[in-house]
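> One structure, as structure tokens, below. Some questions next.
Derivation of every value follows stated rules applied to the coordinates shown; laboratory data play no part. What you are looking at is a predicted structure, and each value in this text was computed from that prediction instead of being measured. Glycine also receives a Cβ, built like all others from the backbone with ideal geometry; neighbour counts cover every protein chain displayed.
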Amino acid sequence: MSKRPNTVVRRPDLVAFSLRRSWRHGDAHHGNNGFGAGYALAPSIRLAWIEDGDHSFKPRRQSGRTWEQNLDQATEAVLGFVPTL
């Protein structure tokens, strides 16, 4: 699979990821906590990192966070992104 399409995306995109994923390790290209280390991302791609959530942003009990807090964090990312469109 080619990595090149990530560099030529012209439309604005927001992708929200959980910080509790295996891809978070690595360098911080585009502020991405190591996601896709080695991938070049187009400037139009924005990444939002949700604290300690799984794929649905539900946190572990021991994290001290609630699902509502993580959903609020994701919502804030969207609300901050939409005005840039």
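> Want the number for ALA42 to GLU68: 0.36 nm per residue separation, take away the alpha-carbon distance, what's left? Could you put the intermediate results ahead of the total?
Numbers: separation 26, 0.36 × 26 = 9.36 nm, distance 3.07 nm.
Taking ALA42 through GLU68 to full extension adds about 6.3 nm, to one decimal.
> First measure r as the distance between the Cβ atoms of VAL82 and GLU51, then evaluate 1/(1 + (r/R0)^6) with R0 = 30 Å and state the FRET efficiency to the nearest 0.05.
Values: r = 21 Å, r/R0 = 0.71.
My answer for the efficiency is 0.90.
> I'd like the Karplus ³J(HN,Hα) series for segment 69-76: coefficients 6.51, -1.76, 1.60, θ = phi - 60°, whole numbers in Hz, and an x wherever there's a Gly or Pro.
4, 5, 5, 4, 5, 5, 4, 4
> While we're looking at this one, here's another question. Would you mind putting 78-84, 40-46 in packing order, based on average other-beta-carbon counts within 10 Å, highest first?
By packing density, highest mean first, the sequence is 40-46, 78-84.
> Turning to a different aspect of this structure: Using modelled amide H (1.01 Å from N, peptide plane; none on Pro or chain starts), what sits under 5 Å from the amide H of ASP13, excluding residues fewer than 5 places away?
ILE45, ARG46
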